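Before any comments, here is the structure.
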Amino acid sequence: THTHTHLLHYTNARTQTTFRLSPLLTFSAIVVAPPTCPCGQYLDKSTNACARCPAGFSQPLVGTIGLNSCQPCAAGSVASSEGSCDCAVCPPRTYASSPSLPCQGDLS
């Protein structure tokens, strides 16, 4: 006589938690640590994934949590793309009409 034991696995995609059910109706949970996000990004706790800071904002640190960790660019500096680690100061005689747009023009 052979006895077969089948384990059922369930992984919650949003929280990355895996449940293992055995025939004895016991379970254990394995929690996967959230990712460490690079500069220019932050951990979005609602998705447990990294998200880019919006244009006009920067994030120089690694491993930050929440959109509020993205800092707005100061006057005269820009981050014209999402996921910027730093804001760039406009070159002399140029300007940015918005911190989310590239530097332009010639103010000579």
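The values are calculated or read from the model by the stated rules, or taken from the named source; none is laboratory data. In this text the structure is predicted, and so the values were computed from the model without any measurement. Positions of Cβ are backbone-derived with ideal geometry, glycine not excepted, and every protein chain shown enters the neighbour counts. Accessible surface areas use protein heavy atoms only, side chains included; no ligands, DNA or RNA. Shrake-Rupley method; radii C 1.70, N 1.55, O 1.52, S 1.80 Å.
Potential lengthening of the chain between ILE30 and ALA49 amounts to 5.1 nm, from the contour at 0.36 nm per residue minus the alpha-carbon distance.
Using just the C-alpha positions of region 26-67 as equal point scatterers, what log10 of I(q)/I(0) does the Debye formula give at each q in 0.15, 0.19, 0.20, 0.30 1/Å? Once normalised to I(0) and log-transformed, intensities are -0.39, -0.54, -0.58, -1.02. Residues in region 36-102 average 56 Å² of solvent-accessible surface per residue, probe 1.4 Å, ligands and nucleic acids excluded. Ordering 54-60, 80-86, 99-105 by mean Cβ neighbour count within 10 Å, with the highest value first, yields 54-60, 80-86, 99-105.
Shown are SER77, SER46, whose ranking by accessible area with a 1.4 Å probe and every protein chain present, most to least, is SER46, SER77. Considering only protein heavy atoms and a probe of 1.4 Å, how much of the accessible area of region 65-108 is carbon and sulfur, as a whole percent? Whole-percent figure for carbon plus sulfur exposure: 56.
Over region 47-108, the ratio between the Cα radius of gyration and 2.2 N^0.38 Å evaluates to 1.22.
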